[in-house]
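The values are calculated or read from the model by the stated rules, or taken from the named source; none is laboratory data. Everything quoted here is computed from the prediction, not taken from an experiment. Cβ placement follows ideal geometry from the backbone for every residue including glycine, while neighbour counts extend to all protein chains displayed. Surface accessibility is based on the protein's heavy atoms, side chains included, excluding ligands, DNA and RNA. Shrake-Rupley method; radii C 1.70, N 1.55, O 1.52, S 1.80 Å.
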Amino acid sequence: LVRPDRSVAWGDSFEGRFAQVFELQSRMARSVSAALRAHATGLAGSGRPADQPTANASALEAYWRGRAYLERRDVRGNLDAAVSALTEAIRLDARFALAHAALAETSWRQYGETRDPAWMARAIDRSTTALRVDRDRPAARYTLGVVLGGGGRLAEAVDELRRALALRPNYDEARRQLGHVLAREGRIDDAVVEFQRAIDLETQCRKRLAGL
């Protein structure tokens, strides 16, 4: 855990075999929660801190690989590699909602690069699939909101982003995205409110970390 001044407030390491990945994940979550103590709920805000997105360790590994490629989408070929990895995760666990959402995000990024409407269609289809798998997954609601907003379906995007925030009130990315969509609708005052809430959330988190 790193304070705003970049000094380290707390750290630990966890080792084990890949077959123990879920046990390691639980140990890490418990340790971080203990370190944050009363601050843990305010920082996480998801309401589902111990939620296990899949019971298939190989599917989880493929998902992490796909997310890593997606985070470095500036590297040529990484979006295609992300599609491959996330498709593998879904093949291993068709009920893996986060993998469906990440695949939808990848399609959205590919649409942004190519402006090929087929990628937009895939992004919407994959987002709705993620919701069919898990309607209460904030990331699935957020991804669909981003895709709908990018496609000009602003009112629907607002609805999805508000649903994501109802599930996870401290979801700052969803809060900022909601502000952007509201601004595009011309609802500037409402957009400013959402941006200010996002700033307040970040400020609160920084203060909590500074107090560790």
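Scanning the range 145-157 for residues that are in contact (Cβ under 8 Å) with a residue 12 or more places away in the chain and either surrounded by fewer than 24 Cβ atoms within 10 Å (Cβ to Cβ) or under 17 Å from L103 (Cα atoms) (or both) turns up G145, V146, V147, L148, G149, G150, G151, L154, A155. Can we say G152 is out of contact with any strand residue (DSSP E or B) (no Cβ under 7 Å at 6 or more places or on another chain) and either among the hydroxyl-bearing types (S, T, Y) or modelled with pLDDT of 95 or more (or both)? The answer is no for G152. State all residues of the range 62-116 that are touching a residue at least 40 places away in the same chain (Cβ under 8 Å) and surrounded by fewer than 20 Cβ atoms within 10 Å (Cβ to Cβ); if no residue qualifies, say none. Matches in the range 62-116: R95 only. For the range 158-175, the criterion of a residue being surrounded by 15 or more Cβ atoms within 10 Å (Cβ to Cβ), small (G, A, S), free of Cβ contacts under 8 Å to residues at least 24 places away in the same chain and touching a helix residue (DSSP H, G or I) at 6+ places or on another chain (Cβ under 9 Å) is satisfied by no position.
For E185, the stated conditions do not hold, so it cannot be described as under 23 Å from W64 (Cα atoms) and open to solvent by 50 Å² or more (accessible area, probe 1.4 Å). Every residue in the range 2-29 that is modelled with pLDDT of 75 or more and farther than 21 Å from Q52 by Cα, please. Matches in the range 2-29: G11, D12. Within the range 129-144, the set of residues being assigned to a helix (DSSP H, G or I) and open to solvent by less than 50 Å² (accessible area, probe 1.4 Å) comprises T129, A130, L131, V133, P138, A139, A140, R141, Y142, T143, L144. Taken residue by residue, the range 49-59 has no member that is closer than 27 Å to G152 by Cβ, modelled with pLDDT under 95, assigned to a helix (DSSP H, G or I) and among the polar types (S, T, N, Q).
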